[in-house]
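J.: Below is a structure I'd like to ask you about.
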Amino acid sequence: MKINNIQKFSFGLGGGVNAIKTDFFVWYLGAYYLTVLGLNPLLTGLALLMALVIDAISDPLIGTVSDRIRSKFGRRHLLMAFSLFPISLSYLMLFLPDPEWAENQFFLFAWLLVFAIITRFSVTLFDIPHRALAAEIPESYEDKANIMSLREGFQSLIALSHSFIILPFINLDGNDQWFNVGIIGSIIMFVLGLISIIGTMSLIPQLYKWPETEENDNPFKEIQKQISFVYKNKTIILFLLGSITIQLAWGLANSLTFLTQTQFWGLTTLQIQEFIKIYFLSTIVSWFLVPKLVKNFEKRTILLFSLVVIGIFQATPFILYKVGIVPEFGSNSLVYFLSVFIFITGTFSIMSLMTRESMVPDMIDQVHQESNLRQDGTISSLTSFCAKCMTGLGQF
């Protein structure tokens, strides 16, 4: 179907809900509970891992329910609307603990675990239908790449904007400004989600409607039969196996980045803020390149090449450090030095993400041809399930 620029813009902004949660959870949440609140590293890692695994398990359930909803508000928009208030409230609760709570490690662990679970589940309630909506909208092979590039591009830009805004409030030596970080994130997620829902509601009449089932049909057996088309698809199995390795490395690298920049390279948060500008440039370049590359190369080829480049340039600064070829720690020269590698890895990371996500609608179309059902939510949730489990393991 054809969508206008307002609908595209509204849809793209919806990616910001998951982007802000992911940005904080991956980069800052562990550092906040570890260094500011004083939670034991093992307990911090365990809480984040448990929350992510529980969230991952909920993904296929939400995807399956989302596919089968029959409502005048569409299959996706109803769940997206229900999620907004719980997202904002539970996210804000993560910032309520006081450093004195560190005396009771179990209580602090339980607090992090409970509200990390609720926040992740609420965001998933929005994000899985939103991802499925991205798979329903496009028509052609190139359109699928464009719409997923749009979503991932918006996610990257919003996550970077979020980091740029909150970095001045982040102080690993005190708790004074952290609640402001929670307020900012909560408001932005609510507003972006609301804009996305309202801006795309006009698409509902044109979207696929799940067929009615016969009264005598066993709904559980029908669901099992329908999902079996997904689990038996060789393309999806291979895609998920490849994603396992990617997401494991992604979770490890991202969760260490902020701590590495501050504790190893000796940079301040204001110096790290300069990297946000580099990531912005990487996102724009990726956004421009991916649709053009998809027209000339297989998506698989683009993805594999990007991963090779990321692997090489992610490690290069540390190799150069071992041989003594790096500027002075904590210096502005070091910021410029690292910016080169951040631009290269950032560009190819976003390119790989955009390309990988654009492969999901292709798989959905394949299953649709086999089963005559569009299980956009189910398949989108499977890829999300895999990503979350492996990212969580990498973080742990």
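J.: Measure nothing fancy, just the Cα-based angle from helix 376-395's long axis to the longest principal axis of the chain, in degrees from 0 to 90, nearest 10.
T.: 20
J.: Report the residue, chosen from VAL65, VAL26, VAL17, that carries the largest GNM mean-square fluctuation when the chain is represented by alpha-carbon nodes joined by springs under 10 Å.
T.: Comparing VAL65, VAL26, VAL17 in the GNM, the peak value goes to VAL65.
J.: Can you tell me the relative contact order of the chain? Whole percent, Cα pairs under 8 Å, sequence separation 6 or more. The partial results should precede the final answer.
T.: Numbers: 551 pairs, mean separation 122.8, N = 396.
Relative contact order here is 31 percent.
J.: Just add up the charged neighbours of PHE164: K/R +1, D/E -1, any other residue whose Cβ is under 15 Å from the Cβ of PHE164.
T.: Values: positive: LYS277; negative: ASP23, GLU274.
My count for the surroundings of PHE164 gives -1.
J.: For the chain, with a Gaussian network of springs between Cα atoms less than 10 Å apart, report the residue from GLY16, GLY266, GLY324 with the top mean-square fluctuation.
T.: In this elastic network of the chain, the residue with the biggest mean-square fluctuation among GLY16, GLY266, GLY324 is GLY324.
J.: If only Cα atoms are counted, what is the Rg of the stretch 243-284, and what is its Dmax, in Å?
T.: Computed over the Cα atoms of the stretch 243-284, radius of gyration and Dmax are 12.4, 34 Å.
J.: Rounded to the nearest 10 degrees, what's the angle between the helix 234-259 long axis and the longest principal axis of the chain, both from Cα atoms, 0 to 90?
T.: So the helix axis and the longest Cα principal axis differ by about 20 degrees.
J.: Here's a follow-up. Could you tell me, in Å, what Rg and Dmax come out for the Cα atoms of the stretch 34-94?
T.: Reported Rg and Dmax, both Å: 16.1, 49.
J.: Put one equal scatterer on each alpha carbon of the stretch 230-359, apply the Debye formula with no solvent term, and list log10 I(q)/I(0) at q = 0.09, 0.18, 0.20 1/Å to two decimals.
T.: -0.31, -1.03, -1.18
J.: Once you've got the GNM for the chain with C-alpha springs shorter than 10 Å, pick whichever of ILE310, ILE20, ILE364 has the biggest mean-square fluctuation.
T.: ILE310
J.: Sticking with this one: Ignoring ligands and nucleic acids, what accessible area does THR260 show with a 1.4 Å probe (Å², nearest 10)?
T.: That residue has around 30 Å² of solvent-accessible surface.
J.: Sum up the charges of everything whose Cβ sits under 14 Å from the Cβ of PHE107, counting Lys and Arg as +1 and Asp and Glu as -1, but leave PHE107 out.
T.: -3
J.: Hey, which of these cross-link pairs are over 27 Å Cα-Cα: LYS234/LYS295; LYS292/LYS322; LYS8/LYS72; LYS8/LYS292; LYS21/LYS72; LYS21/LYS295? Walk me through the intermediate numbers first.
T.: Working: LYS234/LYS295 25 Å; LYS292/LYS322 38 Å; LYS8/LYS72 22 Å; LYS8/LYS292 19 Å; LYS21/LYS72 29 Å; LYS21/LYS295 33 Å.
In this structure, LYS292/LYS322; LYS21/LYS72; LYS21/LYS295 lie more than 27 Å apart at Cα.
J.: Please give the per residue accessible area of the chain, computed with a probe of 1.4 Å over protein heavy atoms only, in Å². The partial results should precede the final answer.
T.: Working: 17740 Å² over 396 residues.
Result: 45 Å² per residue.
J.: Show log10 I(q)/I(0) for the chain at q = 0.08, 0.11, 0.15 Å⁻¹, two decimals, from a solvent-free Debye sum over equal Cα scatterers.
T.: For the chain, the Cα-only Debye profile gives -0.42, -0.80, -1.46.
J.: I'd like the carbon and sulfur percentage of the solvent accessible area for the chain, probe radius 1.4 Å, heavy atoms only, ligands and nucleic acids excluded.
T.: Values: 11970 of 17740 Å².
Its accessible area is 67 percent carbon and sulfur atoms.
J.: Also: To test your reading of the geometry: what angle, between 0 and 90 degrees and rounded to tens, separates the Cα axis of helix 219-231 from the longest principal axis of the chain?
T.: Here the helix axis deviates by roughly 60 degrees.
J.: Another question, then. Take the alpha carbon atoms of the stretch 233-248, find their center, do the same for the stretch 257-323, and report the distance between the two centers in whole angstrom.
T.: Rounded to whole Å, the Cα centres lie 22 Å apart.
J.: If you don't mind, there's one more thing I want to ask. Find the all-direction average of the projected area of the Cα convex hull for the stretch 1-146, expressing the result in square nanometres with one decimal place. Don't jump to the answer; show the numbers that get you there.
T.: Details: hull surface 39.4 nm².
Its Cα hull, projected and averaged over all orientations, spans 9.8 nm².
The values are calculated or read from the model by the stated rules, or taken from the named source; none is laboratory data. Quantities reported herein were computed from a predicted structural model and do not represent experimental measurements. No Cβ is skipped: glycine too gets one built from the backbone with ideal geometry, and neighbour counts run over all protein chains shown. SASA here: full protein model, heavy atoms, side chains in, ligands and nucleic acids out. Shrake-Rupley method; radii C 1.70, N 1.55, O 1.52, S 1.80 Å.
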